[in-house]
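Colleague: Before I ask anything, let me first share the structure, which is written out below as C-alpha cells.
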Amino acid sequence: MQYVSMKTFDIRRNLATEQYLMNSDKLNLPVMLFYIEDRCVIVGRNQNTIEEVDQKYCRDNNIMITRRLSGGGAMYQDLGNLCFSFIVDAKSQDFGDFKKMVAPIVNALHEIGATGAMVTGRNDIIIDGKKFSGNAMYTRKGKTFSHGTLMLDVDTSEVAKALTVPPDKIESKGIKSVRSRVTNLRPYLAPEYQNITTEEFRDLLICKILNVENIDAAKSNEYLLSAKDERAIDEIEEKYYSNWDWVFGKSPKFTIKRRKHFTGGTVDVRILVEKGRIESIKFYGDFFGTNNVSELENELIGCLFDKDILIRKMKYGNLEKFFQGIPEQDIIDLIVK
C-alpha cells in the first residue's frame, strides 16, 4: 500500500492535496494519507458554517476555518491531532461502512496499547465510551475516500469554544457539552508510547499498518509530490479551501425552516416559497450521501409547494443516495409536514 505523509500544517493545503490525490491516477489503490494541521475547524460539506462555528472566537484566536468535500459534522483540530485518509476503489467498499474502512487504524491502535478502541455509531471511534476519532466519507468517479481524526493530545477545552453546537443535537445524545464526549488517546497508549509526538505517532501507525520495523523500511511505499503535483494542488486550494464562497457560502432567505436529528444525521432544510412555488431550497446537516444534495435542491426549485407533488418528486429522486441511513419518509415528513 502506498502512502503520503504531508509536510504542511495548513489544513487548506492538506485537504487540497487529498482531493488532488483522490482524482489522480498516479497512485495504485488502496492509498493511505496522513496529515497534521495547526488550529482549525473543518465543517462538513452540507453544513451551514455560519451557524456551526463561532467565527469571532476563531478569528480572535487564529483558528483557520474551511470546508471539506465529505459530509459529517464540524471538527476542531490542532497539532495534537493526526488526520488519516484511505482512498480505495468504490467497488471494494460499501459507502458508509466505516468499520471496514478504518479497521487498519483500529488494529494498529490495539497493537500500541489502546486495546479498547472500537468503531461505534455512524462514524466514530471511541474508547471508554468517549470519542477520539470522527470520520467522513466521499465517493466520486469510482473512488471512495474515508478520512478521520485521531486525537492524540488535542486541547479539548477549545472544542466547545470554537464550535457552536445546536441544542437539539446535544439533547438528542443525552449530554451536556461537546467537551464531555471527547478524549485524547495518549493516556490509553502503552507506557513506552506515553511521550510520543504527533509525528512519531503518525510514523508508528504507518509501520504497524505496513508491518515493517521502522519508518525507513516504509519509505519504499511513500509517494512524494512532484512540482507538477504541487501546481495542481495550488489551483484546488484556491478554488475551494481558501475560497470564502466555498467555506461560508450565502445562506438563502427562507420562509420555512425545519430541523431534526435522526439516527443517520441531522437535517436542516431552509425553503423560500414565493407565489406557491419553491424559489430556493437548501439542505444543511452532518448527513452523508453518495450524491451531492445540490442535485435534489436543483430538482425541487420551481416546484409548487404542494405535498402530493413534492412527495412524487422526491420519491422519484431516490432520497437514500442523498441522506444515507435516514428513512425516505422521514425526509418527506420534515419538508412537507
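Colleague: Here is a list of conditions, (1) open to solvent by less than 30 Å² (accessible area, probe 1.4 Å); (2) within 21 Å of Leu69 (Cβ to Cβ); (3) basic (Lys, Arg), and Lys282 meets all of them except one; can you say which number that is?
Modeller: It is condition (1) that Lys282 fails.
Colleague: OK, next. Could you check the range 181-239 and list, in sequence order, the residues that are of a type in the set (Asp, Glu), surrounded by fewer than 12 Cβ atoms within 10 Å (Cβ to Cβ) and either closer than 20 Å to Asn107 by Cβ or in contact with a strand residue (DSSP E or B) (Cβ under 7 Å, 6 or more places away or on another chain) (or both)?
Modeller: Glu192, Glu213
Colleague: Read through the list (1) farther than 18 Å from Tyr188 by Cβ; (2) without any contact (Cβ under 8 Å) to a residue 24 or more places away in the chain, then give the number of the only condition that Gln93 fails.
Modeller: Evaluating Gln93 over (1) farther than 18 Å from Tyr188 by Cβ; (2) without any contact (Cβ under 8 Å) to a residue 24 or more places away in the chain leaves (2) as the failure.
Colleague: Condition test on Val88, is it part of a strand (DSSP E or B) and under 23 Å from Ala160 (Cβ atoms)?
Modeller: No, not satisfied.
Colleague: In addition: Against the condition outside any loop (DSSP other than H, G, I, E, B), under 20 Å from Phe34 (Cα atoms) and touching a Ser or Thr at 6+ places or on another chain (Cβ under 8 Å), how does Thr144 come out, does it pass?
Modeller: Here the answer is no, as Thr144 does not meet what is asked.
Colleague: Still on this structure, I have one more. I need the helices (runs of 4 or more DSSP H) fully contained in the range 192-272, keeping only those with at least 1 residues that are farther than 30 Å from Ile50 by Cβ and under 25 Å from the mean Cα position of the chain (by Cα).
Modeller: Per the criteria, 198-210, 227-236.
Colleague: Let me ask something else. The conditions are (1) more than 18 Å from Thr198 (Cβ to Cβ); (2) surrounded by fewer than 18 Cβ atoms within 10 Å (Cβ to Cβ), and Val88 fails exactly one of them. Which is it?
Modeller: Only one criterion in (1) more than 18 Å from Thr198 (Cβ to Cβ); (2) surrounded by fewer than 18 Cβ atoms within 10 Å (Cβ to Cβ) is unmet by Val88, namely (2).
Colleague: Same structure again: Could you list all residues from the range 291-324 that are modelled with pLDDT of 90 or more and of a type in the set (Gly, Ala, Ser)?
Modeller: Listed by number, the residues that qualify are Ser294, Gly302.
Colleague: Right, here's the next one. Can you name every residue in the range 291-303 that is open to solvent by less than 70 Å² (accessible area, probe 1.4 Å), out of contact with any helix residue (DSSP H, G or I) (no Cβ under 8 Å at 6 or more places or on another chain) and either aromatic (Phe, Trp, Tyr) or not in a helix (DSSP H, G or I) (or both)?
Modeller: Asn292, Val293, Gly302
Colleague: Are there any pairs, at least 6 apart or on different chains, whose C-beta atoms fall under 8 Å, with the first in the range 206-219 and closer than 20 Å to Met101 by Cβ and the second among the aliphatic types (A, V, I, L, M) and open to solvent by 60 Å² or more (accessible area, probe 1.4 Å), and if so, which?
Modeller: Final answer for the pair search is Ile209/Met1; Leu210/Met1.
Colleague: Hey, Gln93 hits all of (1) modelled with pLDDT of 95 or more; (2) over 14 Å from the mean Cα position of the chain (by Cα) but one; which does it fall short on?
Modeller: Of (1) modelled with pLDDT of 95 or more; (2) over 14 Å from the mean Cα position of the chain (by Cα), only one is false for Gln93: (1).
Colleague: Let me ask you something else. Of the residues that make up the range 127-139, is at least one closer than 23 Å to Val43 by Cβ, free of Cβ contacts under 8 Å to residues at least 12 places away in the same chain and either part of a strand (DSSP E or B) or of a type outside the set (Phe, Trp, Tyr) (or both)?
Modeller: Looking for residues that are closer than 23 Å to Val43 by Cβ, free of Cβ contacts under 8 Å to residues at least 12 places away in the same chain and either part of a strand (DSSP E or B) or of a type outside the set (Phe, Trp, Tyr) (or both), one finds none in the range 127-139, hence no.
Colleague: Return yes when Asp308 is among the charged types (D, E, K, R) and in contact (Cβ under 8 Å) with a residue 24 or more places away in the chain and no when it is not.
Modeller: No.
Colleague: What is the one condition in (1) touching an Asp or Glu at 6+ places or on another chain (Cβ under 9 Å); (2) closer than 24 Å to Asn123 by Cα; (3) touching a residue at least 24 places away in the same chain (Cβ under 8 Å); (4) surrounded by 20 or more Cβ atoms within 10 Å (Cβ to Cβ) that Phe262 does not satisfy?
Modeller: Failed condition: (4).
Colleague: Further question on the same structure: Of the conditions (1) within 20 Å of Ser70 (Cα to Cα); (2) surrounded by 14 or more Cβ atoms within 10 Å (Cβ to Cβ); (3) modelled with pLDDT of 90 or more, Phe288 satisfies every one except a single condition; which number is it?
Modeller: (3)
The values are calculated or read from the model by the stated rules, or taken from the named source; none is laboratory data. Source: prediction; values computed, not measured. All Cβ positions, even for glycine, are placed from backbone atoms using ideal geometry, and neighbour counts span all protein chains on display. When the accessible area is computed, the model is the full protein with side chains, heavy atoms only, and any ligands, DNA or RNA have been set aside. Shrake-Rupley method; radii C 1.70, N 1.55, O 1.52, S 1.80 Å.
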